[in-house]
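What follows is a single structure, and I will ask about it in a moment.
The values are calculated or read from the model by the stated rules, or taken from the named source; none is laboratory data. Owing to the predicted nature of the structure, the values given are computational and were not obtained by experimental measurement. Backbone-built Cβ (ideal geometry, glycine too); neighbour counts: all protein chains shown.
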Amino acid sequence: MIGILDYGMGNLGSVQNACAALDIPARMLNAPSEMDGVSGVLMPGQGAFRDCMNHLQDQGWVEPLREWIKADKPFFGICMGLQVLFEDSEESPGSEGLAVLPGTVKKFPPSDELKVPQMGWNRCKWDAKQTYFPAALHERHFYYVHSYYVPMTDADWVAGTTTYGLEYVSAVSFGNCHAVQFHPEKSQADGLKLLKHFSETVS
Amino acid sequence: MLAKRIIPCLDIRNNRVVKGVNFVDLIDAGDPIQQAKAYELQGADELTFLDITASHERRETVVDLVGKVGKEVFMPMTVGGGIRVAADVRRMLNAGADKVSINTAAILNPEIIDEAAAFYGCQCIVVAIDARRNQKGGWTVYTHGGREPTELDAIDWAKEVVNRGAGEILLTSMDADGTKDGYDIELTRTVAEAVGVPVIASGGAGTLEHFAEALTEGKADAVLAASLFHFGTFTIREVKEYLRDQGIEVRI
């Protein structure tokens, strides 16, 4: 059973719909106490970094999520669900992230050539050392909507990168914790394969 | 590198697709859900629903429709038509739309853009601009499906809506719309160069070259078409293969 984190950040319907279409057993998690019996946590996210962290804080999710990830229980973050794994973001100075990964999320630099937010389909290139994401989806297009990004690093947890003016980290993976900057639930067949992969690897 | 998007538009009236269709494999060609699924199989990058239902009560059916389509297709969906107040934006997003397109209401009450963008984020607010060439060498914004001229200059209006928080502009040339003579490249490029958000070119597509022109010379980020796809003149796949062969990045 997958638990979809419902912490009040936008419509989770498309993630639910994707799970239903894939016959992935899933239920909404409205409070940390509901994590019992769930084998993996799926964390969608949209909106601003601060709003996201405030919602997690108000509903008591911050420590349970940190413990879940530190205990190496299966986790899959989507979009803001990737960014909040880091320490903080230029989007919301002073707002502390889950900080299970080091670093600050940055804003795409203003440019005449690049529109911000990045909105549309871009390729994700799996890092050579990563073993979690299916090789068949290497350099496939996924749907992205975001204005902030995780800067490049040679850290072990970098699982995939995308180029939008600059190259940045668009997928992370360490132990059983995985997250992507793009929206698998909006990325047609290739995106659904990733969600299916997560459900298969947790059960 | 970000791919250029190809977006079919479905005009919806009373829960049915208005323009005739020519997909041989569709059992019910007017069924929006079947059309959406067909476009997904062809590789559409996004879907736009334009609700042209007249009455207010009937609009509820579009909310319902968006919910149903979202269970069957997994790509971004934009819904436009009849969005008047911020509560309409919320209803569409809650139903499963990723973006909401606002046209006349943004002109009558520009604060709706600020309000909706602040609350739901710029990325889900599309402002649709219908523009027609004027005698001064510029373009004038029209409302009510291109029937009513305003005092607004299209380029100034595009800048204003982006300043207010629009995350994307759906730009339709009323001169080109329906002609199949090609997009208004000058209009598209002028707007695309004036704003820092993506511009979707709309109106006038008739040949494969037209799509390429809008994306290269016109500097559009995406191209939208309705009847060309509905009537099966080209499949989305055919358009994308052509664009790819022209060296344009597309998702295939």
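Can you tell me which residue in segment B:177-199 is farthest from the chain's Cα centre (by Cα), limited to those that are more than 12 Å from residue B:139 (Cβ to Cβ) and among the hydroxyl-bearing types (Ser, Thr, Tyr)?
B:179
Among the residues of segment B:149-177, which ones are over 19 Å from residue B:136 (Cβ atoms), surrounded by fewer than 23 Cβ atoms within 10 Å (Cβ to Cβ), in contact (Cβ under 8 Å) with a residue 40 or more places away in the chain and not charged (D, E, K, R)?
B:165 - this is the single residue of segment B:149-177 that is over 19 Å from residue B:136 (Cβ atoms), surrounded by fewer than 23 Cβ atoms within 10 Å (Cβ to Cβ), in contact (Cβ under 8 Å) with a residue 40 or more places away in the chain and not charged (D, E, K, R).
For segment A:128-147, what are the residues that are modelled with pLDDT of 95 or more, in contact with a Phe, Trp or Tyr (Cβ under 7 Å, 6 or more places away or on another chain) and closer than 18 Å to residue A:183 by Cβ?
Passing the criteria: A:133, A:141, A:142, A:143, A:144.
I would also like to ask the following. Among the listed residues A:95, A:89, which satisfies the condition of being small (Gly, Ala, Ser), crowded, with 21+ Cβ neighbours inside 10 Å and under 21 Å from residue B:117 (Cβ atoms)? Quick ask: steps written out before the conclusion?
Details: A:95 fails: crowded, with 21+ Cβ neighbours inside 10 Å.
After ruling out the rest, the residue left standing is A:89.
Something else about it: Do you know which of the residues in segment A:110-130 that are free of Cβ contacts under 8 Å to residues at least 12 places away in the same chain and more than 8 Å from chain B (Cβ to nearest Cβ) is nearest to residue B:222 (Cα to Cα)?
Of the residues in segment A:110-130, the ones free of Cβ contacts under 8 Å to residues at least 12 places away in the same chain are A:110, A:112, A:115, A:128.
Applying the additional criterion that residues be more than 8 Å from chain B (Cβ to nearest Cβ) yields A:112, A:128.
Numbers: A:112: 17, A:128: 32 Å.
Among them, the one singled out is A:112.
Being buried (at least 22 other Cβ atoms within 10 Å of the Cβ) and in contact (Cβ under 8 Å) with a residue 60 or more places away in the chain narrows it down to one of A:172, A:202, so name that one. Reasoning before the result, please.
Details: A:202 fails: buried (at least 22 other Cβ atoms within 10 Å of the Cβ).
Every option except A:172 fails the conditions.
Among (1) more than 17 Å from the chain's Cα centre (by Cα); (2) over 21 Å from residue B:122 (Cα atoms); (3) of a type in the set (Phe, Trp, Tyr), which single condition is residue A:132 missing?
The failed condition is (1).
Residue A:99 is checked against (1) assigned to a strand (DSSP E or B); (2) under 27 Å from residue A:38 (Cβ atoms) and fails just one. What number does that condition carry?
It fails just one condition, (1).
Counting only residues that are among the aliphatic types (A, V, I, L, M) and more than 13 Å from residue B:129 (Cβ to Cβ), how many does segment B:178-215 have?
Let us first name the residues in segment B:178-215 that are among the aliphatic types (A, V, I, L, M), namely B:185, B:187, B:191-192, B:194-195, B:197, B:199-201, B:205, B:208, B:212, B:214-215.
Next, only the ones that are more than 13 Å from residue B:129 (Cβ to Cβ) stay: B:185, B:205, B:208, B:212, B:214-215.
Final tally of qualifying residues: 6.
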